[in-house]
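Worksheet for the structure shown next.
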Amino acid sequence: MESLNDLKDYIKSRCNSTKFLNLSEVPSNCRSEACMLGVDEAGRGPVLGPMVYGVAYCPINRTDILKDLGCADSKALTEEKRDEILVKMLKEEDCIKNVGWAAEVISPNYISNSMYRRAKHSLNEVSMTSAIDLIKKVIELGANIKEVYVDTVGPPEKYQAKLSDIFPGIKITVAKKADSIYPIVSAASIVAKVTRDHALKVWQFHEGLDLDYTQFGSGYPGDPLTKKFIREKIDPVFGYPLLVRFSWSTAELMLQEKAVSCTFEEIDEPSNKKSPRCKPINSFFAPKIENGTTRKRKKHKFFEERYLTIGNAFE
């Protein structure tokens, strides 16, 4: 992958109803030298589009690369600047040898189904699982990770303790606003944000809607274009297209207002009482007992006519 067009083509080739990975090869120097790794996400709050978790990693003694790239608080960078930094990570020789990255794109459908299923999986749990799986994946591929820096989800102390238990021997640091403190987390945040931005730009509506990203906005509930999309692009029976996180209150309230109400039939609890006329199926195979003695079952005519006997291979 060498350009943003390559990134967009890859995203378009994947199913947007579940989650998928996109990652670089492990740089040669990251296999031999001790490395630090940063973790951050993009798109946690929007009602539209995926949430993306990103990681970036490089040798501990090469923080100069991150400074040269311009990795800073990604929220303070323009979209164009973030794109420019990612392209450098993809193309410049020094980055290819020293900076690795990975991203997991988690679809709106996956997020909402996780939150609605019987054994509920909260957004925090989805987030933590993604971060942990990405770290494991990078280590599994051969990166020599010795330090991990994470932008927190929930209380940082609990999250840090959990990660320390999973990754013993690795120095774990979990902090609020980590992307504005640690350049390696800023790099991870840029990977996540650029991936999410372009995932929205190439979103394909399998429901048949003829729309592009300029017509539904950023996905945040306060965006006027997003508000318009949520109000108007609702089917009274089938609800919203897969772009929408239908578990968000913004979408739930609109569904209650505009969608057809649905009542599910209540299924009676099975009774333990057996009907006197209903025989258990095993009664048809059990030998008949009369006056305390077992009566031999008469052979079926089919067997008698052909002089066949029934053998039991397990006797």
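The values are calculated or read from the model by the stated rules, or taken from the named source; none is laboratory data. Since the model is a prediction, treat every value here as computed from it, not as a measurement. Here the Cβ is made from the backbone with ideal geometry for all residues, glycine too, and neighbour counts use every protein chain on show. Side chains included, ligands, DNA and RNA excluded: accessible areas come from the protein's heavy atoms. Shrake-Rupley method; radii C 1.70, N 1.55, O 1.52, S 1.80 Å.
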Q | Matching entry among 72, 34 (being in contact (Cβ under 8 Å) with a residue 12 or more places away in the chain and in contact with a Ser or Thr (Cβ under 7 Å, 6 or more places away or on another chain)) | A | 72
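Of 226, 195, 214, which residue is within 18 Å of residue 21 (Cα to Cα), of a type in the set (S, T, N, Q) and part of a helix (DSSP H, G or I)?
On the way: 226 fails: within 18 Å of residue 21 (Cα to Cα); 214 fails: within 18 Å of residue 21 (Cα to Cα).
So the residue among 226, 195, 214 that is within 18 Å of residue 21 (Cα to Cα), of a type in the set (S, T, N, Q) and part of a helix (DSSP H, G or I) is 195.
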Q: Working only within region 70-81, note down all residues that are assigned to a helix (DSSP H, G or I) and surrounded by fewer than 23 Cβ atoms within 10 Å (Cβ to Cβ).
A: 75, 76, 79, 80, 81
**Q.** Meets criteria (more than 19 Å from the chain's Cα centre (by Cα) and among the polar types (S, T, N, Q)) for residue 127
**A.** no
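Would you check if residue 175 is in contact (Cβ under 8 Å) with a residue 12 or more places away in the chain and buried (at least 20 other Cβ atoms within 10 Å of the Cβ)? Break it down into steps so the answer makes sense when it comes.
Working: in contact (Cβ under 8 Å) with a residue 12 or more places away in the chain: yes; buried (at least 20 other Cβ atoms within 10 Å of the Cβ): no.
So residue 175 does not fit the description; no.
Take the conditions in contact with a helix residue (DSSP H, G or I) (Cβ under 8 Å, 6 or more places away or on another chain), on the phi < 0 side of the Ramachandran plot and open to solvent by 10 Å² or more (accessible area, probe 1.4 Å) and apply them to residue 180. Does it pass? Give the derivation first.
Values: in contact with a helix residue (DSSP H, G or I) (Cβ under 8 Å, 6 or more places away or on another chain): yes; on the phi < 0 side of the Ramachandran plot: yes; open to solvent by 10 Å² or more (accessible area, probe 1.4 Å): yes.
Judged against the criteria, residue 180 is a match.
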(Q) Condition first: without any contact (Cβ under 8 Å) to a residue 60 or more places away in the chain and farther than 30 Å from residue 262 by Cβ. Can you find one or more residues in region 194-212 that meet it? (A) yes
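Hey, can you tell me all the residues within region 236-245 that are of a type outside the set (Val, Ile, Thr) and open to solvent by less than 60 Å² (accessible area, probe 1.4 Å)?
Residues satisfying the conditions are 239, 240, 241, 242, 243, 245.
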Q | From 5, 22, residue being open to solvent by less than 40 Å² (accessible area, probe 1.4 Å) and among the polar types (S, T, N, Q) | A | 22
Q: Could you identify the single residue in 67, 120, 91 that is under 29 Å from residue 165 (Cα atoms), modelled with pLDDT under 95 and surrounded by fewer than 24 Cβ atoms within 10 Å (Cβ to Cβ)?
A: 120
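So how many residues does region 162-173 have that are aliphatic (A, V, I, L, M) and assigned to a strand (DSSP E or B)?
Looking only at region 162-173, we keep the residues that are aliphatic (A, V, I, L, M), and these are 163, 166, 170, 172.
Those still in the list that are assigned to a strand (DSSP E or B) too: 172.
Within region 162-173, residues that are aliphatic (A, V, I, L, M) and assigned to a strand (DSSP E or B) number 1.
Would you check which residues across region 183-195 are among the aliphatic types (A, V, I, L, M) and either surrounded by fewer than 17 Cβ atoms within 10 Å (Cβ to Cβ) or touching a strand residue (DSSP E or B) at 6+ places or on another chain (Cβ under 7 Å) (or both) and list them?
Filtering region 183-195 for residues among the aliphatic types (A, V, I, L, M) gives 184-185, 187-188, 190-192, 194.
184, 185, 187, 188, 191, 192 - these are the residues of region 183-195 that are among the aliphatic types (A, V, I, L, M) and either surrounded by fewer than 17 Cβ atoms within 10 Å (Cβ to Cβ) or touching a strand residue (DSSP E or B) at 6+ places or on another chain (Cβ under 7 Å) (or both).
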Q: Being within 11 Å of residue 132 (Cα to Cα), of a type in the set (A, V, I, L, M) and surrounded by fewer than 19 Cβ atoms within 10 Å (Cβ to Cβ) is the filter here, so list the residues in region 162-172 that pass it.
A: 166
Q: May I ask you to list the residues in region 234-247 that are under 21 Å from residue 117 (Cβ atoms) and in contact with a strand residue (DSSP E or B) (Cβ under 9 Å, 6 or more places away or on another chain)?
A: 241, 243, 244, 245, 246
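Please verify whether residue 138 is surrounded by 16 or more Cβ atoms within 10 Å (Cβ to Cβ) and at pLDDT below 90, treating the condition exactly as stated. Steps first, answer last, please.
Numbers: surrounded by 16 or more Cβ atoms within 10 Å (Cβ to Cβ): yes; at pLDDT below 90: no.
Against the criterion (surrounded by 16 or more Cβ atoms within 10 Å (Cβ to Cβ) and at pLDDT below 90), residue 138 does not qualify.
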Q. Failed condition for residue 159, given (1) open to solvent by 30 Å² or more (accessible area, probe 1.4 Å); (2) part of a helix (DSSP H, G or I); (3) free of Cβ contacts under 8 Å to residues at least 60 places away in the same chain, with all others met?
A. (1)
